[in-house]
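Notes follow once the structure below has been shown.
Throughout, read-outs are computed from the coordinates displayed, never taken from laboratory work. Nothing here was measured: the structure is a model prediction, and the numbers come from that model. Ideal geometry is used to build each Cβ from the backbone, glycine not excepted, and the neighbour counts take in all protein chains shown.
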Amino acid sequence: MSGETLQVLDVSALSNEQISRFLNVPVGFGIRVHRLATLSAQDKSGSLLARAAAIFHKVVPQPPPPASAPTSVICTELASNITPRRIQWLWPSRIPLGKLTVFAGNPDQGKSIVTLDVATRLSTGKDWPDSPNTNAPCEVLLIAGEDDPEDTIMPRLMAAGADLTKVHIVRNLTSFNPKTGDVEREREISLDKDMAALERKLIEHPNIRLVVVDPVSNNLGSAGINKEQESRQLVLIPLKDLAARRNVAVLAVMHLNKNTEASGMHRVGGAMAFVGVARAVWLFAPDPETPEQHLMLRLKNNLSSIQNGLTYFIRPVPIQIEDLEENLPAIEWSGDTDVTADAALSENLGRPPDSFERCKEWLEEYLADGKKPSAEVEQAAKNAGLGARTLAKAKQALGVQSRKGGDVWYYMPSSGQDGPIN
């Protein structure tokens, strides 16, 4: 800012260059130095110079700082430089290695028992129910906060026939005082802040090939099961990256939500990020046709074209605990099935939901006077707040049939389905 005047009070023989250095400006910046009256020794110490410097920095704009180096860059690689590789499977076409898989279902469908069956086959090398097990016996890490290791997890592993020397059960995460080495705190693992500790455990035990988190909702920390952005950024993406780096499969167990109108993909509890990040998602549900049989059905599988699901029973297996015989649940695989996840969820098992009963009453009343055009019925049901899938189930339950008259389809009540459509 050439031409500006700054009065610097000084009685000593400071040169202009010295004053420039004190003020942190280059020589020739356009500063005129006026030497004034004699000052005291205290002033010579620089107090006035300091005040002058402060005034100067308020009045005279400083030169812009040099451009700083970028703190982040986008890294790319030419596709031609990347060597392709085949997908590795822990359980062929069902649980990929180095990826995230989700097991989802309502309580009492055996999800946790199936995870222990998977752990058993990995620890022993036993074949999968639908394919050979090509993995050498390996280790498993279980993070299972809801079940007690002594009276639940261990006995169930014994019933399944696992090699117990290859199954690591997480007790807690222990924090130590860095100076004394004393234990400061013991708590559950929080995946939003303990990913480094989890990776250290995998480095210590490189033969671990499966990490089970059952249920994952217990270990999300501040991310929260329903927080889309937080769960994705703080847990799911870091967990996915960890699985790839350490070449382990991560298996997250989840519950279903209560939205019975939603498709199977949207029934998985919590944020959609869990389904989005996972490469395979399997639904566990009761078999509507065979009592006591359960289904493991494909909800999503980005890496395999396999469509069929598997069927299984939960059978009691006697084992010895404290010199007494106890019956513990174990999985007995019984075959495969072509039932889809959506079809299994659409079945009315037990007491039908209130929306289904309400829809039945509505449809019966709407067709009390006889047939109605299908488009009219479906629009009226929508206006009444009834979902299309609920309407379809109510229609089937009431024996209502679709009949065509000319170019129009009708809803025909069961009492008039034999008559002609005019």
Item to check | Links that overshoot a 21 Å alpha carbon limit, given the list Lys258/Lys372; Lys193/Lys240; Lys111/Lys201; Lys371/Lys395; Lys360/Lys382 | outcome: Lys258/Lys372; Lys111/Lys201
Checklist outcome for this item: Residue separation between Ser355 and Thr180 times 0.36 nm, minus their alpha-carbon distance, gives in nm 56.9 nm
Item to check | Cβ-defined net charge surrounding Ser112, 9 Å radius [Lys, Arg +1; Asp, Glu -1] | outcome: -1
Item to check | Inter-label distance for Gln401 and Asp108, nm, one decimal - labels placed 7 Å from Cα along Cα-to-Cβ | outcome: 3.7 nm
Checklist outcome for this item: Ordering 356-368, 114-126, 155-167, 96-108 by per-residue average of other C-beta atoms within 10 angstrom, highest first, gives 114-126, 96-108, 155-167, 356-368
Checklist outcome for this item: Cβ-Cβ cut-off under 9 Å around Phe103, Lys and Arg +1, Asp and Glu -1: the net charge is 0
Checklist entry - What is the calculated FRET efficiency for Asn308 to Gln229, with r their C-beta to C-beta distance and R₀ = 30 Å, to the nearest 0.05? => result 0.25
Checklist entry - So how do Asp182, Asp130, Asp241 line up by other beta-carbon neighbours within 10 Å, fewest first? => result Asp182, Asp241, Asp130
Item to check | Gyration tensor (alpha-carbon) shape descriptor, the stretch 89-346, a/c threshold 1.5 | outcome: oblate
Checklist entry - Using 0.36 nm per residue, how much length does the chain from Asp151 to Glu289 gain when fully extended, once their Cα-Cα distance is taken away? => result 46.4 nm
Checklist entry - If amide H atoms are built 1.01 Å from N in the plane of the peptide, which residues on other chains or at least 5 residues away come under 5 Å of the amide H of Ala162? => result none
Item to check | trypsin sites (Lys or Arg not before Pro) lying in DSSP loop within the stretch 174-271, provided at most 13 other Cβ fall within 10 Å | outcome: Lys179, Lys258
Checklist entry - Once the other residues with Cβ under 14 Å from the Cβ of Asn207 are scored (Lys, Arg +1; Asp, Glu -1), what is the net sum? => result +1
Item to check | GluC sites (Glu not before Pro) within the stretch 162-193, DSSP loop, no more than 16 other Cβ atoms inside 10 Å | outcome: Glu188
Item to check | Spin-label pair Glu188/Asp342, simplified geometry with 7 Å Cα→Cβ offset, distance in nm | outcome: 3.4 nm
